[in-house]
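Take a look at the structure below.
The values are calculated or read from the model by the stated rules, or taken from the named source; none is laboratory data. Being a predicted model, the structure only gives us computed values, none of them experimental. Don't worry about glycine lacking a Cβ; one is built from the backbone with ideal geometry, like all the others, and counts go over all protein chains shown. The area values use the complete protein model at the heavy-atom level, side chains included, leaving out ligands, DNA and RNA. Shrake-Rupley method; radii C 1.70, N 1.55, O 1.52, S 1.80 Å.
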Amino acid sequence: MSASVVLVTGANRGIGYEIVKALVESPLPYHVFLGSRDVNKGKTAAASLHPRSGSSISVVQLDVSSSESIANAAATVKAEAGRLDVLVNNAGIVDDSPDSLTRLRNTLEINTIAPFAVTTAFKPLLTVQPEDGVKGKRLIYVSSGLGSIGQRVDSKSRYYSVPAVEYRMSKTALNMLAACDAFDLKDHGVKVFAFDPEFVATELTHSPEERRKLGALEPSVSGESCRDIIEGKRDADTSKFVSINGTDLLW
Ligand SMILES: NC(=O)c1ccc[n+]([C@@H]2O[C@H](COP(=O)([O-])OP(=O)(O)OC[C@H]3O[C@@H](n4cnc5c(N)ncnc54)[C@H](OP(=O)(O)O)[C@@H]3O)[C@@H](O)[C@H]2O)c1
């Protein structure tokens, strides 16, 4: 069996790193492209991982805000692997600029426009099947429960009092992108998911320690849950907004 070819953006740390780790420790074979805007950080991250026999990691420079970097990364994946089986749009930010309009612009740029640009560049590779058989093709957008409009208006929601308007808007728009791609790619055999990795201890805001005190889960939980999607365990939830625990969320 040939290895599934996967690209994870923003994979030098946090949830992206844990997704790569979960994949290369899986009994199934993967060739993972670890996307990192700073290639040295990507190499350091890759060096700390120990792929099982049959799996491998290539570090690819990928600044999701740069058209040139995206095009170069797509050319690298094409040259090294000839196709892409799974794209995980994971890179994301919480912007803390003092001015709300600047925050909105910066946040939309990385959390919404950049994944649109990355998917657009990689769609031709996502629809190529390997010569030795059919691969499970999947496109995953790492979203957030904060992007759920249904939860925003639910006073019983855990995050009802969290403002984060710019971040919420960016992830709501990302969810619409996932829904549109689910339609666009259904006839190409690509299953699309918007994925909420839950509240986890990363450096997205504050420190991992501070986040743990607020009840954050370990990012490895998100990484393993994303691997379940990649390995087809959540295929019944295709075209949905999915949580880590096997349920789907209100859009
Ligand atoms: N942590 C949570 O509780 C939580 C909850 C819901 C959703 N999420 C989502 O999960 C995803 C990963 O977040 P995380 O918690 O793992 O945060 P993180 O630890 O801050 O990691 C974010 C990653 O995105 C990368 N990134 C940022 N801007 C980039 C750019 N322009 N080009 C390429 N990479 C870029 C970062 O690279 P650098 O190291 O170079 O900055 C880093 O690798 C995000 O989409 C986030 O919105 C997180």
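For the reader, a short list of remarks on this structure follows.
- Angle between the chain longest axis and helix 165-185 axis [Cα atoms, degrees, rounded to 10]: 40 degrees
- Structural descriptor for the chain: relative contact order 19 percent, calculated from alpha carbon pairs under 8 angstrom and at least 6 residues apart.
- CD proxy at 222 nm, helix term only [per DSSP H run n ≥ 4: -39500 (n - 2.57); per residue of the chain; nearest 500]: -12000 deg cm²/dmol
- In this label model, Ser161 and Leu101 are separated by 3.2 nm, measuring between points 7 Å along each Cα→Cβ vector.
- Gain in span if fully extended, Ile149 to Ser2, counting 0.36 nm per residue against the direct Cα distance: 48.9 nm
- Against the chain, whose longest principal axis is taken from its Cα atoms, helix 14-24 shows a tilt of about 30°.
- Histogrammed with a bin width of 5 Å, the alpha carbon distances of segment 46-106 distribute as 3, 13, 16, 19, 18, 11, 9, 6, 3, 1 percent, first bin at zero.
- Cross-link partners of Lys135 among lysines, defined as those whose alpha carbon lies under 26 angstrom from its own and excluding same-chain residues fewer than eight positions apart: Lys21, Lys78, Lys123, Lys186, Lys191, Lys233, Lys240.
- For the chain, the antiparallel share of DSSP beta bridges with both residues in that region comes to about 5%.
- Carbon + sulfur, % of accessible area of the chain - ligands and nucleic acids excluded, 1.4 Å: 54 percent
- Accessible area in square angstrom per residue, segment 95-175, 1.4 angstrom probe: 50 Å²
- Euclidean distance of C-alpha centroids, segment 155-182 and segment 198-235, integer Å: 17 Å
- Cleavage-rule hits, GluC sites (Glu not before Pro), segment 80-159, DSSP coil, Cβ neighbours within 10 Å at most 12: Glu131
- Compactness ratio for the chain: Cα radius of gyration over 2.2 N^0.38 Å (N = residue count) comes to 0.95.
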